[in-house]
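Asker: Here it is, the structure, as structure tokens.
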Amino acid sequence: MSEASPGLPATCDSPRSIVNDPLAQARREASVALFTIAALLVGFAVLLLVMPRLLGATVDVVQRLRELGWLLGLAIVFAATGVWARYSPLPAAVVGLVLYLLLAVLSLAVGLVLILLAVLLVKAIRTCVKARRGPA
């Protein structure tokens, strides 16, 4: 094990010990990545609260609470995984990656459905314009 800096407890990771200790560096990198994702999710939750007020839009309170619950719940899961990474970085990083990829795939699926719906609407508009012009 590496030598701790003077004045710091032996369990603290000093900058020098992180460079000399690959496990300490792995713990730090994994936990920082997971805490960053958690912080971004909390930031999105704040934006979800603030944006309708700034835009003067009316929102469905039940739907908004459901969305906030999901965002904050995911933030808690990623933060807990970040704490876990301080003790066991590899499994925590793998679980975090799997959760993140699952969210990315779900977002991609929703995005593809929205694109498909937009294409269908464009096709419907073209058909309506052709019908309005009459037979060619």
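Asker: So how tilted is helix 61-85 from the main axis of the chain? Cα-based, degrees 0 to 90, rounded to 10.
Answerer: 30
Asker: Helix 89-133 against the longest principal axis of the chain: what's the angle in degrees, Cα atoms only, rounded to the nearest 10?
Answerer: The angle comes out at about 10 degrees.
Asker: Which residue fluctuates the most in the chain, going by a Gaussian network model with Cα springs under 10 Å, if the choices are Phe35, Phe44, Phe78?
Answerer: Comparing Phe35, Phe44, Phe78 in the GNM, the peak value goes to Phe44.
Asker: I want to verify a result. In a Gaussian network model of the chain, Cα cutoff 10 Å, which of these has the top mean-square fluctuation: Leu47, Leu116, Leu34?
Answerer: Result: Leu116 has the largest fluctuation of those listed.
Asker: Round to the nearest 10 and give me the degree value, 0 to 90, for the angle of helix 22-55's Cα axis relative to the longest principal axis of the chain.
Answerer: Helix 22-55 sits roughly 40 degrees off the main axis of the chain.
Asker: Given axes a ≥ b ≥ c from the Cα gyration tensor, I'd like to know whether the stretch 15-133 is rounded (a/c under 1.5), prolate (a/b larger than b/c) or oblate. Please list the in-between numbers first.
Answerer: Numbers: a/c = 3.62, a/b = 2.13, b/c = 1.70.
Verdict is prolate for the stretch 15-133.
Here, each number is a calculation from the coordinates, and none is a lab measurement. Worth saying up front: this structure is predicted, and the values here are computed from it rather than measured.
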